[in-house]
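Here is the structure we will look at.
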Amino acid sequence: MANNLLAGKKGIIFGALDDKSIAWKIAERCVEEGAEITLTNAPVALRFGAINALGEKLNAKIIPADATSMEDLENLFTESMDTLGGKIDFVLHSIGMSLNVRKKRGYTNLNYDFMHKTFDISAMSFHRVMQTIWKLDAINDWGSILALTYIAAQRVFPDYNEMAESKALLESFARSFGYHFGVEKKVRVNTVSQSPTWTTAGSGVKGFEEFFGYADKMSPLGNASADACADYCVTMFSDLTKMVTMQNLYHDGGFSNMGMNPSVLGL
Ligand SMILES: NC(=O)c1ccc[n+]([C@@H]2O[C@H](COP(=O)([O-])OP(=O)(O)OC[C@H]3O[C@@H](n4cnc5c(N)ncnc54)[C@H](O)[C@@H]3O)[C@@H](O)[C@H]2O)c1
């Protein structure tokens, strides 16, 4: 159901790879709610992913950008403002990749070159995005910047590996930059901590299938789907949440406040 919550707003969505991606669902919902958007992903993802189909469906221009390249990011924001006809109102960062996870290296045997790359892609990219917005003065007053994160930033999930530290860093960037954006530009910055979700990035984590079932049982409302996450992100981009900033917002069916759920033990 559409309520025109984003009528007249312009946004940039990072990270839609295929129709399982959380960013894919968020892009669809934003347009359904009246926003005009551009889509972006790493050049390599544009070659292998299905983002062109999404661009056509949503009438959204696709602008390649490697989120670790300042040059690409500057070009992305400049071109998006040209295409959309003015400053941006909202930005979604939905980017995650761990080379150590991909190469199946366990937490006690991590390669540090890989770790640098993981932090750069999954966390520093968020600072890069915000610094680019800041320097280009690319966002309207009362705009909203969001990144997706996971509760492994606060609690131990052994197979999440170095992504745990990536997410802790990402969430800290949201708080620290959120201060500056709030004071100077009345812009809010938050992270949404989402349930395990079946996507390319999510299912790359060892034991994902079993863990997905565990989290689903543990959460009183069950796991939050990507579609539900899209609904939530729409509210965070809308004018209904103007005073929420520097928060890590759990969107997880209640998982984060559970200690034990009898159904996990089969009781
Ligand atoms: N799937 C889950 O269980 C889950 C749970 C909580 C949070 N998240 C977070 O949600 C976000 C989106 O992940 P997803 O699960 O939709 O998976 P996904 O694989 O569909 O999305 C990850 C995206 O990151 C992009 N990316 C990788 N390197 C990049 C680079 N250098 N420059 C630009 N983009 C790059 C990929 O191309 C891809 O589109 C991530 O931040 C992820 O950590 C996922």
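Comparing PHE181, PHE211, ALA45 along the charge dipole axis of the range 10-255, the residue lying farthest to the positive side is PHE211, per the Cβ-charge model.
Once backbone amide H atoms are built at 1.01 Å from N, GLY143 has ARG188 as its partners under 5 Å, excluding neighbours fewer than 5 places away on the same chain. For the range 226-238, putting each phi into the Karplus relation 6.51 cos²θ - 1.76 cosθ + 1.60 with θ = phi - 60° gives couplings of 5, 5, 5, 5, 4, 4, 5, 5, 4, 5, 5, 8, 7 Hz, in residue order, rounded to whole numbers and with x for Gly and Pro.
Taken along the Cα-to-beta-carbon direction at a fixed 7 Å, the label points for LYS57 and ASP159 span 2.9 nm.
Remark: spin-label model distance LYS242-ARG47 equals 4.6 nm, labels positioned 7 Å along the Cα→Cβ axis. When the chain is treated as a GNM with alpha-carbon contacts under 10 Å, the residue of GLU56, GLU36, GLU162 showing the greatest mean-square fluctuation is GLU56. For the range 89-99, 3J(HN,Hα) computed residue by residue from phi via the Karplus equation (6.51, -1.76, 1.60; θ = phi - 60°) reads 9, 8, 9, 10, 9, 9, 10, x, 6, 10, 5 Hz, glycine and proline entered as x. The Rg/Rh ratio of the chain, with Rg taken over Cα atoms and Rh as the Kirkwood radius over Cα pairs, comes to 0.95.
Take the Kirkwood radius over Cα pairs of the range 1-156, plug it into Stokes-Einstein at 20 °C and 1.002 mPa s, and you get 132 µm²/s for translational diffusion.
Which links in LYS20/LYS104; LYS135/LYS167; LYS25/LYS135; LYS57/LYS104 stretch past 32 Å when you go from one Cα to the other?
Check vs 32 Å cut-off fails for LYS57/LYS104.
Between the Cα long axis of helix 70-84 and the first principal axis of the chain there is an angle of about 60°, rounded to the nearest 10. The alpha carbon convex hull volume per residue for the range 73-217 rounds to 123 Å³.
Seen against the Cα atoms of the chain and their longest principal axis, helix 163-185 is set at about 30 degrees. Distant-in-sequence amide contacts of TYR250, defined by a placed amide H-H separation under 5 Å and a gap of 5 or more residues or a different chain, comprise SER193. For the range 201-267, a simple Cβ point-charge model (Lys and Arg +1, Asp and Glu -1, everything else neutral) yields a dipole of about 180 debye relative to the Cα centre.
Length available on full extension from TYR107 to ASN257: 0.36 nm per residue minus the Cα-Cα distance, which gives 51.4 nm.
Taken over the range 142-218, the percentage of Cα pairs per 5 Å bin, counting from 0 up to the bin with the maximum distance, is 3, 15, 22, 21, 14, 11, 8, 5, 1, 0.
Here the range 10-255 is assigned +1 on the Cβ of each Lys and Arg and -1 on the Cβ of each Asp and Glu. Its dipole about the Cα centre then comes out at about 500 debye.
All of the numbers you see were taken from the coordinates with simple rules; none came from a lab. All values reported here derive from a predicted model rather than from experimental measurement. Because the Cβ atoms are built from the backbone with ideal geometry, glycine has one as well, and the counts that use them run over all protein chains shown.
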